[in-house]
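**Q** My questions will all concern the structure given below.
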Amino acid sequence: MRDTSEDSCCLPFKQEFQRSKFSLHHDDPGVFCRSQWQRGDRNILWLLYRWIWAGFFAGGVIGSLVSSFNDGKWFIYLTDWGFTLCFYVCTYGAVVATIYFFKPSYFAPGSVALKIYWLSHYTTVVIAMMITLVFWAALYPSMPEMGADLYNLWAHAFNSIFMIVDCFMVAFPTHIMHFVYPFAAGITYGIFSLIYFWSGGVDFMGNRYIYFILDWERPGLAIGTVFGCVVLVSCFCILVFGFYRLRTCIYNRCSGQKQLEIPSTRASTETVQVA
């Protein structure tokens, strides 16, 4: 237990850079099923919130697939990968919340299902913000006519807005050392784009690239883009951790509660609210 006079909102940043923080084990499965702001284990508003957003992204993904399938080329774009991740994570979270609502004891500490949800949520938030920034900063200036398109707003703006809002709604913690998961997702897409190029793949307009900034006929540009995205992912991983700390700080100030550290993983510590 630490000195309670220490401000829990300003825990040493260096504490995040420990090997134990790679862990996806958490001793309280309920934090993945509840909202930071709800009272008690069950809350119908939280359940509705989860299913509304799952339906929101389901509508976007299905509508886009129907209108822009383009002989399967829908699946080559990082935008659609990211939007599908949003749909997947929201639906996964809704299912988890529903199970917990009807049977709070269902999930055990260290549940594999909750580990998957934890890493998926973190990865999706980071990737969504990267997609939004890259699209509006690097791609949109060359295709301004796409700005008013509903799906572009849905997949390049609403995705990040919702996922950031969700960071302030969920109850589970964020660890910077989980950066390995969004990194893995980004590297996977980079490798996919290279394999797609080598195999002679084209975009829906017949170009030999998926995005012009990821044109492997100009390897310097493509490698520079990949490197730039790595830097962005690093920054966004820290930013998402900042959202988590800000959320707990706001909660502490609003609830008038203090936080004491208790073991939340097998090898690390987290926080719990006490009156």
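The values are calculated or read from the model by the stated rules, or taken from the named source; none is laboratory data. Since the model is a prediction, treat every value here as computed from it, not as a measurement. Cβ placement follows ideal geometry from the backbone for every residue including glycine, while neighbour counts extend to all protein chains displayed.
**Q** Considering each of 53, 46 in turn, give the residue that is touching a strand residue (DSSP E or B) at 6+ places or on another chain (Cβ under 6 Å), crowded, with 17+ Cβ neighbours inside 10 Å and outside any loop (DSSP other than H, G, I, E, B).
**A** 46
**Q** Whether any residue in the range 4-21 is within 20 Å of the chain's Cα centre (by Cα), at pLDDT below 95, surrounded by 14 or more Cβ atoms within 10 Å (Cβ to Cβ) and farther than 30 Å from residue 135 by Cβ is what I want to check.
**A** yes
**Q** Let me ask something else about it. Show the residue pairs that are 6+ apart or on different chains and have beta-carbon atoms under 6 Å apart, the first residue being within the range 242-254 and under 16 Å from residue 16 (Cβ atoms), the second being among the aromatic types (Phe, Trp, Tyr).
**A** Hits for this filter: 247/168.
**Q** Now, a different point. Does the range 173-189 contain any residue that is of a type in the set (Phe, Trp, Tyr), touching a residue at least 60 places away in the same chain (Cβ under 8 Å), surrounded by 15 or more Cβ atoms within 10 Å (Cβ to Cβ) and more than 22 Å from residue 121 (Cα to Cα)?
**A** Checking the range 173-189: not a single residue is of a type in the set (Phe, Trp, Tyr), touching a residue at least 60 places away in the same chain (Cβ under 8 Å), surrounded by 15 or more Cβ atoms within 10 Å (Cβ to Cβ) and more than 22 Å from residue 121 (Cα to Cα).
**Q** Under the condition of being buried (at least 22 other Cβ atoms within 10 Å of the Cβ) and among the polar types (S, T, N, Q), which residue from the range 113-124 is nearest to residue 176 (Cα to Cα)?
**A** Among them, the one singled out is 123.
**Q** Any residue that is closer than 19 Å to residue 118 by Cα, modelled with pLDDT of 75 or more and in a helix (DSSP H, G or I) - is there at least one of those in the range 248-261?
**A** Scanning the range 248-261, I find at least one residue that is closer than 19 Å to residue 118 by Cα, modelled with pLDDT of 75 or more and in a helix (DSSP H, G or I), so the answer is yes.
**Q** In the range 80-112, which residues are over 19 Å from residue 171 (Cβ atoms) and crowded, with 21+ Cβ neighbours inside 10 Å?
**A** Correct list: 82, 83, 85, 86, 87.
**Q** Restricting to helices (runs of 4 or more DSSP H) lying wholly in the range 93-206: which have 2 or more residues that are within 27 Å of residue 218 (Cα to Cα) and under 22 Å from the mean Cα position of the chain (by Cα)?
**A** By residue number, 112-134, 180-198.
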